[in-house]
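Since the structure comes first, as structure tokens, the remarks are kept for the end.
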Amino acid sequence: MFQTFEASSGPEHVAERLKALRGWLAKSKIDAFLVPRADEHQGEYVPPAAERLRWLTGFTGSAGIAIATRRRAAVFIDGRYTVQARAETDTDAFEVSLLPRPRIAEWLTDALGKGSIVGFDPWLHTIADARSLRA
């Protein structure tokens, strides 16, 4: 599952990429993985190399986060992107959830059992976000 800059990000690629991510989750013994629209600098604008959310889900908006478990997946967006997210991602693969409800932690609690392992790239999340989810 290697991201290239030439790879397109349309909804037709979403199911295949989600399947590959789920295979990695199973192999790594991780129950869920967070994919934000962020880079190491937490800026609003990210370079093409950091368009992880777009690559996985097809969603091109400027704010959002995806969560993939071995059975469920969701992309969380704010109200600006309601129509856009449904048009750009495969809604059979990803639920489109409007923030703030359900909150990401609530969704994870519902999707996973106690003691589950949630993976994330520590360069792409703030310490406060990680602590909040852990709590």
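The values are calculated or read from the model by the stated rules, or taken from the named source; none is laboratory data. Keep in mind the model is a prediction, meaning the values are calculated, not measured. For neighbour counting, all protein chains shown are included, and Cβ atoms are generated from backbone atoms with ideal geometry for every residue, glycine included. All accessible areas refer to the heavy atoms of the entire protein, side chains included, with ligands and DNA or RNA removed. Shrake-Rupley method; radii C 1.70, N 1.55, O 1.52, S 1.80 Å.
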> Roughly how many whole Å is it from the C-alpha centroid of the stretch 109-132 to that of the stretch 52-92?
Replying inline: 18 Å
> Separation between the Glu40 and Asp92 pseudo-spin-labels, each 7 Å from Cα along Cα→Cβ, expressed in nm?
Replying inline: 3.9 nm
> Say each of Asp78 and Leu133 gets a label point 7 Å from the Cα, pointing the same way as Cα to Cβ; how far apart are those two points in nm?
Replying inline: 1.9 nm
>> Quick check: at a probe of 1.4 Å, how many percent of the accessible area of the chain sits on carbon and sulfur atoms?
In response: 55 percent
>> Apply the a/c threshold of 1.5 to the C-alpha gyration tensor of the stretch 1-107 and tell me whether it is rounded, prolate or oblate.
In response: rounded
